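Chemist: Dropping the structure in here first, questions after.
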There are 2 protein chains.
Amino acid sequence: MAKKPSIPKGTRDFSPAEMVRRNYIFDTIKGVFCKYGYMPLETPAMENLDTLLGKYGDEGDKLLFKILNSGDYLKKADETLLANKDSNRLTGQISEKGLRYDLTVPFARFVVQHQGELTFPFKRYQIQPVWRADRPQKGRYREFFQCDVDVVGSNSLLNEVELIQIVDEVFRKLGIRVVIKLNNRKVLAGIAEIIGEATRLTDITVAIDKLEKIGLEKVNAELAQKGLSAEAIDKLQPILSLSGSNSQKLEQLKEILAGSETGQKGIDEISEVLDVLKELNLATDVELDLTLARGLNYYTGAIFEVKALDVEIGSITGGGRYDDLTGIFGLKDVSGVGISFGADRIYDVMNQLDLYPPEVTSATQLMFVNFGAVEARYCLRLAGELRQKGLRVEVFPDNAKLKKQMNYAHKKNIGFVALVGEEEMNKGIVTLKDMNSGEQRSVKPEEIAEIIR
Amino acid sequence: MAKKPSIPKGTRDFSPAEMVRRNYIFDTIKGVFCKYGYMPLETPAMENLDTLLGKYGDEGDKLLFKILNSGDYLKKADETLLANKDSNRLTGQISEKGLRYDLTVPFARFVVQHQGELTFPFKRYQIQPVWRADRPQKGRYREFFQCDVDVVGSNSLLNEVELIQIVDEVFRKLGIRVVIKLNNRKVLAGIAEIIGEATRLTDITVAIDKLEKIGLEKVNAELAQKGLSAEAIDKLQPILSLSGSNSQKLEQLKEILAGSETGQKGIDEISEVLDVLKELNLATDVELDLTLARGLNYYTGAIFEVKALDVEIGSITGGGRYDDLTGIFGLKDVSGVGISFGADRIYDVMNQLDLYPPEVTSATQLMFVNFGAVEARYCLRLAGELRQKGLRVEVFPDNAKLKKQMNYAHKKNIGFVALVGEEEMNKGIVTLKDMNSGEQRSVKPEEIAEIIR
């Protein structure tokens with residue numbers, strides 16, 4: 001095999017240097033989740049296709065990676081479908097499993113399947129890869145990580161508050177300056193109701209969503225084109241041009257939505273969340289944003305989105321409240337609220353802004369140079385003692401040229417190198433070289449740990 | 001959908017309680033790897049089928065999970081194959097990706113693909129799931145985790161020594177008593193050579209491997225049946241009945257294998273490894289075991305296997321030296337040595353022997369009971385302060401019945417519950433209940449962290 005091997009397009013290897021950075025991000029996030037009582041969950045990469053199909057729309061169904069059945073998979077396949085090369089309809093006959101497309105559906109499936117064993121409210125986080133047969137492009141992969149945190153089985157708005165606290169703490173810890181945008185599906189529904197177009201919620205929000213990008217005029221044109229009456233568009237104007245602080249916006253909304261019970265409920269929910277947050281000293285601004293309309297297919301209450309302030313990258317985290325997550329699997333009335341951290345985008349932001357603390361880039365703290373069999377054995381003992389003190393230590397395995405060994409230490413970002421030849425062994429000392437300063441000095445073995453720390 | 005959802009056979013959900021235990025195992029293992037300078041690597045779940053096929057034998061090829069191509073996958077498929085329902089030959093036309101079957105082949109692929117960027121010796125560990133379309137049975141899954149640690153690009157036997165140190169330290173940390181069995185492919189080759197059956201290495205080792213199970217007589221019968229000459233079997237007897245300490249066995253072997261250069265080389269390698277280990281104070285016995293013949297298709301030097309002493313479970317860790325890992329991808333002469341920790345079996349052993357430290361079973365340390373909106377807000381502030389001190393704290397989100405809240409804390413193994421009603425708020429105190437002892441007392445908020453720790 002002469003051809004250099006490769007990996008499927010849209011997938012990635014994560015080298016040690018990348019892994020260390022990614023682990024830093026994941027560990028930071030996990031650490032915060034734990035502090036709020038969320039527990040880890042993992043589900044299998046493969047789910048039955050009947051669990052996955054029909055949950056992500058027709059487009060989503062096409063983007064599922066399907067697993068070919070094992071063995072003689074064509075045996076029971078329909079001859080006519082084969083003869084007609086009907087890929088679409090054959091799939092169900094030769095494949096019964098697919099790779100998970102997100103973590104939400106597997107989570108819902110898990111909750112329903114294990115409902116008898118769970119204690120509610122059930123607070124879990126899940127950090128695993130998902131797969132989508134999307135066209136790969138910059139920043140979009142066919143295998144990527146999702147990092148979800150959800151609580152199901154509680155209607156309390158304190159859960160929304162808690163998730164916002166978590167977002168605040170995660171990004172504060174990572175050093176990424178963000179703004180948290182907050183909206184509520186009930187407010188959007190109230191707006192549609194008030195302007196007399198209750199059934200056109202999606203059209204309205206899709207248009208509103210573009211406000212920042214294309215401007216008010218074009219949004220109005222789009223709404224008209226979608227068939228909204230001039231009167232409805234007219235009524236929408238004060239909402240589209242809402243401005244001021246959160247409480248100013250809420251005041252105006254309250255008046256505008258006076259005639260909608262749903263709308264009032266949404267305003268109350270937003271107000272309560274913002275009110276409780278006020279006392280909790282967040283470092284992050286939380287901003288009411290009516291143009292936020294993500295996930296309208298399933299969100300029923302709060303909608304969240306997080307944007308990085310110092311990088312142009314779109315949303316890096318988002319989520320919301322869904323009143324019927326598990327209904328698709330036959331378990332009614334389990335309300336939940338959750339947030340998904342966009343691991344890959346967060347990784348990109350961290351890299352662009354170079355936000356990693358210095359200790360994240362290095363791994364091994366000390367390497368013993370190998371000057372031959374006798375010296376190496378001596379160093380193995382010293383290395384063992386230092387590891388017992390908690391240090392990360394290597395002994396170079398081969399008696400290679402010093403230059404090669406030093407180059408290895410340099411490339412691997414090892415902080416200190418220990419040189420122990422015959423002379424050092426006789427004197428019971430170690431020549432310790434600081435790889436950053438280049439400084440070299442003779443020390444006693446028992447002094448090493450302290451110097452390196 | 002009335003039917004309760006399920007997952008594909010041979011796959012598993014890992015509940016929070018299971019995840020916490022598994023993470024404890026993985027974190028322990030990773031911690032040891034890091035202390036020896038091994039760095040994390042991750043490769044994609046999907047590999048191109050031409051990377052995977054032909055690497056695991058015909059049986060392995062069948063056990064690969066293949067991904068159905070996206071879109072109109074039948075378009076270019078051969079009509080005749082479809083008409084003949086030739087599943088076998090159609091596969092290559094409708095599938096070009098498969099799920100990884102182990103971590104070794106993806107690692108070899110990675111090393112070849114990125115050889116220019118790597119610094120050798122390259123020390124990496126990799127902990128990821130792998131997938132095999134095996135018949136599921138007790139303890140055998142279709143999705144399971146491998147946990148591999150390898151160093152490539154160094155011939156030094158110090159690598160073998162280091163891996164044995166790692167095994168020793170991992171199992172010492174986990175509290176599993178084990179024995180490490182050591183063999184060497186060159187010794188086995190020497191034996192085959194000496195008895196005049198150099199080409200029959202596999203037959204001989206397969207038979208030897210059964211010694212413990214079926215006894216000497218049946219092994220001899222099997223060898224005869226396989227066509228080994230009576231003379232060869234005769235010459236094999238002193239080897240099969242080798243006994244005593246490692247050095248006694250090595251002494252005898254040295255004589256028996258005097259005529260085989262390869263055999264001598266193998267003995268020298270084993271001797272050196274054992275000799276260096278002697279000075280390193282392992283807690284684990286390392287035992288020369290000629291019946292150990294795993295992975296003969298690829299191992300060229302040392303062969304390792306680890307057995308738990310207190311549970312009947314077979315090998316829980318194994319590995320060896322391979323002189324040509326990357327040859328299959330066109331990069332010659334890259335020698336490596338590695339060990340794979342059997343994560344699922346280790347998990348089973350840990351569970352059977354109940355070896356988890358107490359802090360592993362619990363997550364949240366303190367839960368505030370929710371007595372209503374005003375009290376909850378007050379508790380949110382206290383919870384925030386305690387989290388800043390590093391504690392894992394929950395505030396129950398709903399103003400539910402006390403019994404339900406206490407039950408939640410109990411089920412979740414939460415150590416302490418804080419009750420803060422109107423009276424406590426007025427007095428600036430917290431009623432703290434130790435969920436283990438049932439003891440309840442009034443404390444100041446600033447005392448809580450210390451009490452819980």
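What follows is calculated from the coordinates using simple rules that are stated; it is not laboratory data. Treat the numbers as computed from the prediction; the structure is a model and nothing was measured. For neighbour counting, all protein chains shown are included, and Cβ atoms are generated from backbone atoms with ideal geometry for every residue, glycine included.
Chemist: By Kyte-Doolittle mean hydropathy of at least 0.0 and Cα axial length of at least 30 Å, which whole DSSP H helices of chain B are selected? Show your work: numbers first, answer last.
Modeler: On the way: long enough: none.
Helices meeting the span and hydropathy rule in chain B: none at all.
Chemist: Another question about this same structure. What are the lysines whose alpha-carbon lies under 25 Å from the alpha-carbon of B:Lys213, with same-chain residues fewer than 8 places away excluded?
Modeler: Those lysines meeting the cut-off are B:Lys138, B:Lys181, B:Lys186, B:Lys226, B:Lys235, B:Lys249, B:Lys307.
Chemist: Please state the charge dipole magnitude for region B:362-452, taken about the Cα centre, from unit charges on C-beta atoms (+1 on K and R, -1 on D and E), reported in debye and rounded to the nearest 20. Each step should come with its number before you reach the end.
Modeler: Working: 14 positive and 12 negative charges, 69 e Å.
Dipole size: approximately 340 debye.
Chemist: Which value in deg cm²/dmol, rounded to the nearest 500, describes the helix-derived mean residue ellipticity at 222 nm for chain B, given -39,500 (n - 2.57) per DSSP H run of n ≥ 4 and division by the residue count? Show your work: numbers first, answer last.
Modeler: Values: 18 runs with 193 residues, N = 453.
Per the formula, -13000 deg cm²/dmol.
Chemist: Please give the average number of partner chain Cβ atoms lying within 10 Å of the Cβ of each residue in A:14-23, rounded to a whole number.
Modeler: On the way: counts 7, 9, 10, 3, 3, 7, 3, 0, 2, 3.
Averaged over the peptide's residues, the number is 5.
Chemist: What is the sum of charges, Lys and Arg at +1 and Asp and Glu at -1, for the other residues whose Cβ falls under 11 Å from the Cβ of B:Phe329? All intermediate terms of the calculation are to be shown ahead of the outcome.
Modeler: Numbers: positive: A:Lys3, A:Lys4, B:Lys55, B:Arg109, B:Lys332; negative: B:Asp50, B:Asp324.
Here the charged neighbours net out to +3.
Chemist: Can you grab the distance from the C-alpha centre of region B:155-179 to the C-alpha centre of region B:355-397, Å, no decimals?
Modeler: First find each Cα centre; the distance between them is then 39 Å.
Chemist: Also, I was wondering about something else. Can you list the trypsin sites (Lys or Arg not before Pro) in region B:85-185 that are in a DSSP coil and have 13 or fewer other beta carbons within 10 angstrom? Spell out each step's value before the answer.
Modeler: Numbers: sites: B:Lys85, B:Arg89, B:Lys97, B:Arg100, B:Arg109, B:Lys123, B:Arg124, B:Arg132, B:Lys138, B:Arg140, B:Arg142, B:Arg172, B:Lys173, B:Arg177, B:Lys181, B:Arg185; in loops: B:Lys85, B:Arg100, B:Arg132, B:Lys138, B:Arg142, B:Arg177.
Hits after loop and neighbour filter: B:Lys138.
Chemist: What is the dipole size for the protein assembly as shown, taken about its Cα centre, with +1 at each Lys and Arg Cβ and -1 at each Asp and Glu Cβ, in debye to the nearest 20?
Modeler: On the way: 122 positive and 132 negative charges, 137 e Å.
For the protein assembly as shown, the charge dipole is close to 660 debye.
Chemist: Using alpha carbon centroids, what distance separates region B:1-46 and region A:241-319, in Å?
Modeler: Rounded to whole Å, the Cα centres lie 36 Å apart.
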